[in-house]
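The values are calculated or read from the model by the stated rules, or taken from the named source; none is laboratory data. Not measured: the values here are computed from a predicted model. Don't worry about glycine lacking a Cβ; one is built from the backbone with ideal geometry, like all the others, and counts go over all protein chains shown.
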Ligand code: ADP
Ligand code: MG
């Protein structure tokens with residue numbers, strides 16, 4: 001049974017990559033629930049399946065078996081075009097490697113989710129400039145990704161993930177290229193945009209400096225969730 005009052009519901013998710021010469025089971029039966037209004041962090045050693053799991057949650061990757069539902073929608077049951085539409089409306093994703101389009105300016109990259117959702121280019125560009133200002137890049141809207149530092153590119157990726165106010169934002173190590181102060185600022189911003197009683201935020205991180213922002217922390221190892229803890233900090 002899918003519980004519609006959850007932001008994300010994962011039940012017995014298995015995912016194996018087949019490289020031809022090798023089969024690697026990245027997820028070995030994941031059970032996890034993310035509540036509405038919650039910031040869930042995912043931690044665990046490199047290779048334990050964190051990126052694979054959030055890719056399934058975001059509808060970027062199909063699991064081999066098990067259920068993944070987001071706001072009550074079973075992603076595997078959606079047809080391709082329905083899934084694209086659902087993702088465009090409801091999900092923002094910050095890739096570990098940013099995935100910015102190299103020939104587009106920062107503002108054009110950030111505009112993409114709005115344009116996919118039907119907004120006119122000019123209006124989207126104005127909104128993109130506003131969101132870039134929130135991440136401290138007001139003066140870099142016209143820069144190409146190659147003209148930006150790693151930390152600046154990361155903030156463009158974060159702006160792109162939040163611009164359409166998606167109900168679920170999923171971030172893969174969003175502070176890895178940011179200094180302490182900028183990392184704290186970005187986390188506060190993500191929380192303010194992404195968290196109310198109808199939304200949720202899932203963040204993969206190694207960065208102990210941002211653990212304090214979590215409501216709960218799920219520890220993964222070897223393709224499994226081995227423990228879910230309440231954050232020690234009272235909110
Ligand atoms: P993490 O994000 O925790 O470092 P990943 O989800 O990226 O872990 O990877 C989990 C396992 O799956 C690792 O053993 C990794 O090598 C493997 N893997 C990830 N992506 C692929 C892929 N596209 N093809 C084959 N193996 C992959
Ligand atoms: Mg990863």
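Restricting the range 18-50 to residues that are loosely packed, with under 15 Cβ neighbours inside 10 Å and under 15 Å from residue 227 (Cβ atoms) leaves a set whose member that is farthest from ligand 2 (Cβ to nearest atom) is 31. One residue stands out in the range 18-50 among those that are in a loop (DSSP other than H, G, I, E, B) and in contact with a strand residue (DSSP E or B) (Cβ under 6 Å, 6 or more places away or on another chain): the one that is nearest to residue 222 (Cα to Cα), namely 48.
Of all residues in the range 105-126, none satisfies being surrounded by fewer than 18 Cβ atoms within 10 Å (Cβ to Cβ) and under 29 Å from residue 207 (Cβ atoms).
Only one entry of 86, 93 meets the criterion of being more than 29 Å from residue 143 (Cβ to Cβ) and modelled with pLDDT of 95 or more, and that entry is 86. Taking the range 84-121 as the range and being touching a strand residue (DSSP E or B) at 6+ places or on another chain (Cβ under 9 Å) and either more than 16 Å from ligand 2 (Cβ to nearest atom) or over 18 Å from residue 162 (Cβ atoms) (or both) as the test, the residues that pass are 86, 87, 90, 91, 92, 97, 113. If you go through the range 18-43 and keep only what is touching a helix residue (DSSP H, G or I) at 6+ places or on another chain (Cβ under 8 Å) and over 27 Å from residue 192 (Cβ atoms), you end up with 26, 27, 30. I'd like the residue in the range 51-81 that is exposed (fewer than 15 other Cβ atoms within 10 Å of the Cβ) and part of a strand (DSSP E or B) and, out of all such residues, is nearest to ligand 2 (Cβ to nearest atom). Within the range 51-81, the match that is nearest to ligand 2 (Cβ to nearest atom) is 65.
Look at (1) outside any helix (DSSP H, G or I); (2) touching a residue at least 60 places away in the same chain (Cβ under 8 Å); (3) more than 16 Å from ligand 2 (Cβ to nearest atom); (4) in contact with a strand residue (DSSP E or B) (Cβ under 8 Å, 6 or more places away or on another chain) and you find that residue 160 fails only one, number (1).
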